[in-house]
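Have a look at the structure below before the remarks.
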Amino acid sequence: MRDQFPFAVARVTRRWRKLLDERLKDLGVTQARWTTMVYLQRGGEGLTQRELASLMAIENPTLVRLLDSLEQQGLIERRLCQHDRRARRLHLTADGEVFMETLNKRAEALREEMLNGVTEQELSVALDVFNKILVNGERIK
């Protein structure tokens, strides 16, 4: 059972991303782009690039390319930080807000479909288990 766990998690994750990607295809964004938008929205607007890179656990140069493309699409903007003129803070544009509303509605619909037949109690137990595993993973060097 334990040896199957990582593969089951990976399959669920891949399936979720594939289905959501298909449902967002008409919006013209890649998985990397919509994932970045989700992290920006959940992490709180006004994050610096460094803070967002840390939150996403990716390297800053990789993030810069993603942010450049999102900025070109008009979904985000970089604003000067009042306290540190060298830093830029990331914000959703009006189009970015509309995009996130659409993404969140589609993600919610998919989530409900994928969790069909799963009780709140089962979901609570699963989340508790994942949190324990994450805590253990954080301790590993």
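Things to note:
- Assuming charge only on the beta carbon of Lys and Arg (+1) and of Asp and Glu (-1), the dipole of the range 5-106 about its Cα centre is about 360 debye to the nearest 20.
- To the nearest ten degrees, helix 5-24 and the longest principal axis of the Cα atoms of the chain are 50 degrees apart.
- GLU101/ARG11 FRET efficiency (R0 30 Å; Cβ-Cβ; nearest 0.05): 0.55
- In terms of surrounding Cβ atoms within a 10 Å radius of their Cβ, ILE140, ILE76, ILE133, ILE58 rank from fewest to most as ILE140, ILE133, ILE58, ILE76.
- Scattering from the range 5-106 was approximated by placing one identical point on each alpha carbon and applying the Debye formula without solvent; log10 I(q)/I(0) at 0.11 1/Å stands at -0.35.
- Here each label is just a point 7 Å from Cα along the line to Cβ, and for ALA94 and GLU77 those points are 1.0 nm apart.
- Estimated FRET transfer efficiency (ASP3, LEU55; beta-carbon r; R0 41 Å; 0.05): 0.85
- Here LEU80, LEU47 are placed in order of increasing Cβ neighbour count within 10 Å, fewest first, which gives LEU80, LEU47.
- The calculated 222 nm mean residue ellipticity attributable to helices in the chain amounts to -22500 deg cm²/dmol, summing -39500 (n - 2.57) over DSSP H runs of n ≥ 4 and dividing by all residues.
- Qualifying lysines (Cα of each under 20 Å from Cα of LYS18; at least 8 residues distant if same chain): LYS105
- Cβ-based exposure ranking for ARG88, ARG65, in which fewest neighbours within 10 Å come first: ARG65, ARG88
Here, each number is a calculation from the coordinates, and none is a lab measurement. Note that the structure is a prediction, hence the values are computed from the model and not measured. Counting neighbours? That spans all protein chains shown, and the Cβs are built from the backbone with ideal geometry, glycine included.
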